[in-house]
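Visitor: This is the structure, below, for whatever I ask next.
Bear in mind these aren't lab numbers, they're just calculated from the coordinates by the rules spelled out. What you are looking at is a predicted structure, and each value in this text was computed from that prediction instead of being measured. A quick note on method: Cβ atoms are made from the backbone with ideal geometry, for glycine too, and the neighbour counts reach across all protein chains shown.
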């Protein structure tokens, strides 16, 4: 049986008859809670390929060192989310993790900073 914090960290949900944290594989009818492109959670028969943090609106690899450290501290678990793929995470408004996806993060940051610079010029600040 998964503990409640393990269910949040893994995104697993078991049979409805057995409570929200039962089950660990498709064989025992587990489902996973993923976040869709609209930012809303949904149940999936397959696990997500990326993890994220709801509060920080960031996504990264499931084996990210920064996420593992945060989970070990216990504060990250309740805000953990999962995505099927990168396109879904981006569509839901999440950004790449600077630790496990540094090139994607740098590209995202450059685009964001470029948009800020353009806005400042349009507003007469540049």
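Visitor: Do you know which residues across the stretch 84-96 are in contact (Cβ under 8 Å) with a residue 40 or more places away in the chain and either closer than 9 Å to residue 59 by Cα or exposed (fewer than 13 other Cβ atoms within 10 Å of the Cβ) (or both)?
Guide: The initial filter retains those residues of the stretch 84-96 that are in contact (Cβ under 8 Å) with a residue 40 or more places away in the chain, namely 84, 87-89, 91-94.
Result: 87, 89, 93, 94.
Visitor: For the stretch 58-68, enumerate the residues that are farther than 9 Å from residue 97 by Cβ and touching a strand residue (DSSP E or B) at 6+ places or on another chain (Cβ under 6 Å).
Guide: To start, the set of residues in the stretch 58-68 that are farther than 9 Å from residue 97 by Cβ comprises 62-63, 65, 68.
Once the filter is applied, which keeps residues that are farther than 9 Å from residue 97 by Cβ and touching a strand residue (DSSP E or B) at 6+ places or on another chain (Cβ under 6 Å), the stretch 58-68 yields only 62.
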